[in-house]
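Undergrad: I have a structure I would like to understand better, so I am pasting it below and will then ask my questions one at a time.
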Amino acid sequence: MNIVGLLLNNFSNRPVTFRFPQRPPVAPGYRGLVIHEAEKCTGCGMCAFRCTSRAIDFRNTRTHFTWSYDPSQCTFCGRCVDGCADHALTQAAECPAPYFNPGELKISATLPRREKKLPAGDAE
Amino acid sequence: MSLWKKLLCLGRRKSPWLFHMNSGSCNGCDIELIAALTPRYDAEQLGVKLEPSPRHADIICVSGPVTHTAVGALKTVYGQVPNPKAVVAIGSCPASTNVFIDSRVLAGPLDKHIPVDVYVPGCPPRPDAILQGVAKAAQILAEHAEAKNLAGVNVTHAQQASGTAEVKA
Amino acid sequence: MNLSTILSRFLVFPGLLFAVPAAWFYLWVERKAMARMQQRIGPPFMQPFFDFLKLMGKEVPARPGFSGFLMRTWPIFSVAAAAGACGLLPVIQSGAGFNGDLILLLSLLEVPSMFLIAAGFSSRSLWGQIGSVREATMNVAYNIVFLMAVIGIAVSQQTFSLQALAQSHGSMLRWVAVLAILVCLPAKLHMNPFSLTNAEQEIYAGPTTEYVGAELAMFELAHGLEWVAATGLVAVLMAPMIANPFAAAAVFVAFSLLVVLVLTGIAAGTARLAIDSSVRFYGQCAVILIVIGVSSALLMRIKL
């Protein structure tokens, strides 16, 4: 007969649901869409190498490199973020929103190649 | 719009019935879809019911990259759902086969086989994101039901916006 | 018993005009109460009405052949029979009943489940056939108890007129019979613990698997009308008869909603029973009912 008490209890308590557009808060460290900061990126291509699902595409020419990211291919594992030595990649702390056209969220950046800045005090 | 059409649009927006189809998924997205029916996220507040038969449903939620063995079943189920219908691709697998991109058992992303209306990104997407996607699909059904009912033509939201329509049998 | 009273009973109250919105309202109350008992919000107000609207707008596939013709007719006759059963309930004191309308009410209450079984078979689908077989087995099991309970009260009061039954004083036997009817109602209305016909995880949608659009809307409406008629039957047997028509109607609706809440509570707190357990349960109920109810009815008739 415990179930009767449980049902009456539930009936009188407030529901625990989030009313529709309201969403539960995202935990810290949530891995969402990958954000690329072009100023910090040196074009090493490590993220494309480490990517598990070929979401990051990296192409090199003599003067420029193109970095592109397709979230529909991404599995949000974070290997690219961990592997970036320049800390140019971070993951957004929110869920990506639903979209309607295939390939809509794809981003790409074409940047000129530049020398990697060695840390000061590096002996020759 | 006549009164009857207005009432039908209201009904379609407020009562989206889902059918869930797993076309080779790892079950992560399926679990999140079922979690959307639990008290915390409560899909029923939008009028959503998970229907057992495709003939009763309006929205097909597909998860999983489409394997070769699932293609036939997918097309059959898609044909069984009565018009007007909408398709929601849950997770990154149906959008683009995700990590299984080199697999030999896959028959490509979902939009190669059936027209898709809403893509819910995530691996797996959170239940509240799935509910958002379903609510958007219900809105598409309500607004574009006319286009979706043209004999044999099923126009996705994207194609509607760009003005092209393909006949998908 | 003149034509205008009969027409007002069948068409206005408690017939079609009252019963159809009441069906949607009772279905909504059931879903909302179930949700609240599970600490969820539940569907917005009058959700079954929106479901009905949406289903009317669906495109129905062509149904060739005789079985297709049958598939289209079962839902409409279910709705008609269930609405007729609602119309027969003696809510307001008027002279529109006749001796024997209890039998008519019982037979009209059987029709929706009979036609659901027929629909499962004529839809030519495997899941429909399995669902229909289950529904038929369940039907035989609970009907023994249901009919015995109702006939028991009728025999003890020596009348088959619903009006007279509602007006007679309550006795111990009447409460036993009301309890027996309440025990049968979950099986009649496909609720837990006897919801085997709706066993989604096992047989897809059961008898209604192949039904689409307007036909499905009619089946859902027939289900709602069955709720109104079945809970209304219990309500008229439980409630005292009041002279004022509006007060009588209000008391009727209040008692029906009470029965709806009790049934929802039972459904929320139990799990689905398998077919052998359900049949065995109703068999045991039938034995108890024979011993207590029918014998005391006969004793009351012999006036010991």
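Here, each number is a calculation from the coordinates, and none is a lab measurement. Since we're looking at a predicted model, the values are computed, not measured. Note: ideal-geometry Cβ built from the backbone for every residue, glycine included; neighbour counts use all protein chains shown.
Undergrad: Give me the inter-chain shielding for C:54-66: mean count of other chain Cβ atoms within 10 Å, whole number please. If you can, show how the numbers build up before the last one.
TA: Values: counts 17, 6, 4, 14, 12, 7, 3, 5, 0, 0, 0, 0, 0.
Averaged over the peptide's residues, the number is 5.
Undergrad: Taking all pairs of different Cα atoms in chain C, averaging 1/r and flipping that mean, what Kirkwood radius in angstroms comes out? Don't jump to the answer; show the numbers that get you there.
TA: Numbers: mean 1/r = 0.0502 Å⁻¹.
Result for chain C, one decimal place: 19.9 Å.
Undergrad: Project the alpha carbons of the protein assembly as shown onto their principal axes and report the range along each, largest first, in whole Å.
TA: 119, 53, 43
Undergrad: Roughly what % of DSSP beta bridges within the protein assembly as shown run antiparallel, to the nearest 5?
TA: Numbers: 17 of 32 bridges.
Around 55 percent of the beta bridges assigned by DSSP in the protein assembly as shown are antiparallel ones.
Undergrad: Taking the Cα atoms only, what angle lies between the long axis of helix A:2-12 and the longest principal axis of chain A, rounded to 10 degrees?
TA: Roughly 70 degrees, rounded to the nearest 10.
Undergrad: For a test of the definition: using alpha carbon positions, the gyration tensor, and the 1.5 limit on a/c, classify segment A:6-117 as rounded, prolate or oblate. Could the numbers behind the result be given before it?
TA: Working: a/c = 3.57, a/b = 2.67, b/c = 1.34.
Note, shape of segment A:6-117 comes out prolate.
Undergrad: Quick one: if you stick a label point 7 Å off each Cα along the C-beta vector at residue A:66 and residue C:73, how many nm between them?
TA: Reported label-point gap for residue A:66 and residue C:73 is 6.7 nm.
Undergrad: Right, next: If you take the square roots of the eigenvalues of the alpha-carbon gyration tensor of segment C:1-137 and sort them as a ≥ b ≥ c, do you get rounded (a/c under 1.5), prolate (a/b over b/c) or oblate? Kindly include the intermediate steps, with their values, before the conclusion.
TA: Values: a/c = 1.81, a/b = 1.20, b/c = 1.51.
Because a/c hits 1.5 or more and a/b fails to exceed b/c, segment C:1-137 counts as oblate.
Undergrad: Hey, how many Å between the Cα centroid of segment C:87-133 and the Cα centroid of segment A:72-103?
TA: After rounding, the separation between the Cα centres reads 58 Å.
Undergrad: Checking understanding here: applying a Kyte-Doolittle mean of at least 0.0 and a length along the axis of at least 20 Å (C-alpha), which whole DSSP H helices in chain C pass? Please report the intermediate quantities before stating the final value.
TA: Numbers: long enough: C:16-37 (31 Å, 0.78); C:65-87 (34 Å, 1.02); C:101-122 (31 Å, 1.80); C:126-157 (46 Å, 1.02); C:172-188 (24 Å, 1.84); C:213-238 (38 Å, 1.25); C:245-269 (36 Å, 2.31); C:275-289 (21 Å, 0.90).
Membrane-span-like by this criterion, though nothing is claimed about a membrane: C:16-37, C:65-87, C:101-122, C:126-157, C:172-188, C:213-238, C:245-269, C:275-289.
Undergrad: Beta carbons within 10 angstrom, averaged per residue: use that to sort the peptides B:46-52, C:61-67, B:15-21, highest first. Don't skip to the answer; put the middle values down first.
TA: Working: B:46-52: 20.0, C:61-67: 10.7, B:15-21: 22.6.
Taking the mean over residues of other Cβ atoms within 10 Å, the ranking is B:15-21, B:46-52, C:61-67.
Undergrad: Can you put A:30, C:282 in order of Cβ neighbours within 10 angstrom, beginning with the fewest?
TA: Values: A:30 14, C:282 23.
Ordered by Cβ neighbours within 10 Å, fewest first: A:30, C:282.
Undergrad: I want the antiparallel fraction of DSSP beta bridges within segment B:14-156, as a percent rounded to 5.
TA: 5
Undergrad: Here is a follow-up. Across bins of 5 angstrom width beginning at 0, how are the C-alpha pair distances of segment C:189-289 distributed, in whole percent?
TA: 2, 11, 14, 17, 19, 15, 11, 6, 3, 1
Undergrad: Give the Rg (one decimal place) followed by the Dmax (whole number) of chain B, computed from C-alpha coordinates and expressed in Å.
TA: Over chain B's Cα set, Rg and Dmax evaluate to 15.3, 52 Å.
Undergrad: Continuing with the same structure: Given labels modelled 7 Å from the Cα in the Cβ direction, how far is it in nm from residue A:114 to residue C:254?
TA: For the pair residue A:114/residue C:254, the computed spacing is 8.0 nm.
Undergrad: Then there's this: In what sequence do C:101, B:102 fall when counting other Cβ within 10 Å, fewest first?
TA: Numbers: C:101 19, B:102 9.
With the sparsest Cβ surroundings first, the list reads B:102, C:101.
Undergrad: Need one number: nm distance between label points at residue A:40 and residue C:175, each 7 Å from Cα along Cα→Cβ, rounded to one decimal.
TA: It is 7.7 nm.
Undergrad: Something else now. Calculate the FRET efficiency for residue B:2 and residue C:60 from the Cβ-Cβ distance with a Förster distance of 25 Å, rounded to the nearest 0.05.
TA: Values: r = 20 Å, r/R0 = 0.82.
About 0.75, to the nearest 0.05.
Undergrad: First check a/c for segment C:233-304, with a ≥ b ≥ c the square roots of the eigenvalues of its C-alpha gyration tensor; if it is under 1.5, answer rounded, and if not, answer prolate when a/b is larger than b/c or oblate otherwise. Before the final figure, lay out each step's value.
TA: Numbers: a/c = 4.58, a/b = 1.15, b/c = 3.99.
It comes out oblate by the Cα gyration axes.
Undergrad: Given Cα pairs under 8 Å that are at least 6 residues apart, what percent is the relative contact order of chain C? Intermediate results must be reported in sequence, preceding the final value.
TA: Details: 453 pairs, mean separation 84.9, N = 304.
Relative contact order here is 28 percent.
Undergrad: Rg and Dmax of segment B:58-131, using alpha carbons, in Å: what are they?
TA: Rg, Dmax (Cα atoms, Å): 12.0, 35.
Undergrad: So which DSSP H runs in chain B come out at 18 Å plus along the axis (Cα) with average Kyte-Doolittle of at least 0.5?
TA: Details: long enough: B:68-80 (19 Å, 0.13); B:127-143 (24 Å, 0.58).
Span-like helices, by this rule, are B:127-143.
Undergrad: Averaged over its residues, how many other protein chain Cβ atoms are within 10 Å of peptide B:128-140's Cβ atoms?
TA: Values: counts 8, 6, 2, 5, 6, 3, 1, 3, 4, 2, 1, 0, 1.
That works out to 3 on average.
Undergrad: Fewest Cβ neighbours within 10 Å first, please rank C:160, C:45 accordingly. Show your work: numbers first, answer last.
TA: Numbers: C:160 20, C:45 9.
So the residues, fewest neighbours to most, are C:45, C:160.
Undergrad: Cα-based Rg of segment A:53-93 per 2.2 N^0.38 Å, rounded to two decimals? Kindly include the intermediate steps, with their values, before the conclusion.
TA: Working: Rg = 11.3 Å, N = 41, 2.2 N^0.38 = 9.0 Å.
For segment A:53-93, the normalised Cα radius of gyration is 1.25.
Undergrad: Peptide B:8-20: average number of partner chain Cβ atoms within 10 Å per residue? Display every interim value, and only then the final one.
TA: On the way: counts 5, 3, 4, 9, 5, 2, 9, 11, 1, 3, 0, 0, 0.
Shielding by partners across B:8-20 averages 4.
Undergrad: Between residue B:101 and residue B:40, what is the FRET efficiency for a Förster distance of 25 Å, r being their Cβ-Cβ separation, to the nearest 0.05? Display every interim value, and only then the final one.
TA: On the way: r = 34 Å, r/R0 = 1.34.
E between residue B:101 and residue B:40, to the nearest 0.05, is 0.15.
Undergrad: Among C:125, C:145, C:300, pick out the residue whose Cα is farthest towards the positive end of the charge dipole of segment C:3-302, where Lys and Arg carry +1 and Asp and Glu carry -1 on C-beta, about the Cα centre.
TA: C:300
Undergrad: Mean-square fluctuation check for chain B, GNM, Cα pairs under 10 Å: which of B:42, B:58, B:30 is largest?
TA: Among B:42, B:58, B:30, the largest mean-square fluctuation in the Gaussian network model of chain B belongs to B:42.
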